[in-house]
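The values are calculated or read from the model by the stated rules, or taken from the named source; none is laboratory data. No experiment lies behind these values; they were computed from the predicted model shown. Cβ atoms come from the backbone with ideal geometry, glycine included; neighbour counts cover every protein chain shown.
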Amino acid sequence: MEGASPSQRDLRLDVFRGIALIVIAIAHVPFNPLAAYMPGRFGYSDAAEIFVFVSGAASAIAFGRLYETRGFALATARVAQRVWQVYWVHVGVFLVLAASMARLGTLPDGEGLYIERLWLVPFFEDTVDNLIAFLTLTYVPNYFDILPMYLVILAMIPVAMALARVSPLLALGASLGLWTIAQTGALGLPAEPWSERPWFFDPFAWQVLFFAGFYVARGTIPVPAFTKRRVGAALAIVAGSALLAWAPAREAVPALASLAETIVPLASKTQLGIARIVHFLALAYCAVYVVERWGWVLRTAAAGALARLGGQSLAVFAVGLVASQAMGVALDHVGRDALPVILVNAAGIAALFACAEIAIWFKSAPWKARRASARPQVVPAE
């Protein structure tokens, strides 16, 4: 979610992150018919893997260079600032949605409350204690679990950079070792005070994908050269995963259902199972191959719009979480037939692009530019 200056940005990262943001928003709309056509229905990995991997690569560009040019202490302070920003975005999104869901009250059909949809009932039953638990990240409702995972992973960057100074292989080994331990569930963080439920996204498992992107961007992990055999193998993994993950295929072929059942333990989303990692890496390899072979794709207007969206990922992600619930409320009232579904989803996606443009405008600080233009320009000495 970290952004670099325009001259440092990798357009591919922002385009793929923009795609992930749209998919995440659509997939989080309650009872959204379009969610059945999102990538996660056709493979073990989904937009979350794209988002985390690309965010790792973007963080390498933004933070890795700071460690090289400004020193360990100052770069670590910048990481801490970003953790602080992500934390307060997390708090703000939760308060907005909790207040909104409580204010909406009963569902239009009269069957239940909106706070039940996000399972915020315990929060309102004991608000004082649970608010404290929320602020200390010991109460992390499922819908609000991505940003806490991300800020924990961000906090690992200084450790990773310190290990990399000793040896890049040591840093890689530490990340893989942490992921291996996380597969046992031993590192799960408590998600609520009244039960033993862990965070839905275990940051000690998901960090391996973040740092994979981080080290790829830094050149520590080389991307295998494209060959017909490798691309064919990656396509076979993607196609095979689609057959196993797509429900209609499993229902039609009992053998597929049986094989898919055996893979379930390897496809844990909480612990980022190996099946998810393999599928994502194969999908990413194919996607990068397409971009490398048909570079004109990145020069299209659509790619430019997606890049602007992905370049403002923290703001857009936060707005997307709120917009997804608003879209769900809208569909509750207008129905879930084809036309209203298309119109509501289109409106939600438009809100994401609008958010990106507003964020870009604010970051450009036009008030500073106007004020500066009124003063004589001072050119610094080279």
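Out of (1) under 30 Å from W88 (Cα atoms); (2) in contact with a Gly (Cβ under 7 Å, 6 or more places away or on another chain), what's the single condition that is false for L283?
The one condition L283 does not meet is (1).
So the check is Cβ under 6 Å with 6+ separation or different chains; which pairs have a first residue in segment 303-326 that's free of Cβ contacts under 8 Å to residues at least 12 places away in the same chain and over 14 Å from V96 (Cα atoms) and a second one that's of a type in the set (D, E, K, R) and crowded, with 24+ Cβ neighbours inside 10 Å?
Here the result reads none, with nothing in segment 303-326 linked to a residue that is of a type in the set (D, E, K, R) and crowded, with 24+ Cβ neighbours inside 10 Å.
Determine which member of the set A98, A73, A102, A60 is exposed (fewer than 14 other Cβ atoms within 10 Å of the Cβ) and either of a type in the set (G, A, S) or not in a helix (DSSP H, G or I) (or both).
Exactly one of A98, A73, A102, A60 is exposed (fewer than 14 other Cβ atoms within 10 Å of the Cβ) and either of a type in the set (G, A, S) or not in a helix (DSSP H, G or I) (or both), namely A73.
Per-residue answers, yes or no, for (1) of a type in the set (G, A, S); (2) assigned to a helix (DSSP H, G or I); (3) surrounded by fewer than 16 Cβ atoms within 10 Å (Cβ to Cβ):
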site: D14; (1), (2), (3): no, yes, no
site: V29; (1), (2), (3): no, no, no
site: A35; (1), (2), (3): yes, yes, no
site: I50; (1), (2), (3): no, yes, no
site: G56; (1), (2), (3): yes, yes, no
site: R65; (1), (2), (3): no, yes, yes
site: A77; (1), (2), (3): yes, yes, yes
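So which pairs qualify, if the first residue must be in segment 8-27 and farther than 16 Å from F353 by Cβ, the second must be in a loop (DSSP other than H, G, I, E, B) and among the acidic types (D, E), the Cβ gap must be under 8 Å, and the two must be at least 6 apart or on different chains?
Cβ pairs passing all conditions: A27/D46.
Does E196 satisfy being loosely packed, with under 13 Cβ neighbours inside 10 Å and over 21 Å from R65 (Cβ atoms)?
yes
Where in segment 141-204 are there helices (runs of 4 or more DSSP H), lying wholly inside it, with at least 2 residues that are over 27 Å from V319 (Cα atoms) and either aromatic (F, W, Y) or modelled with pLDDT of 95 or more (or both)?
The helices (runs of 4 or more DSSP H) meeting that bar are 157-166, 168-182.
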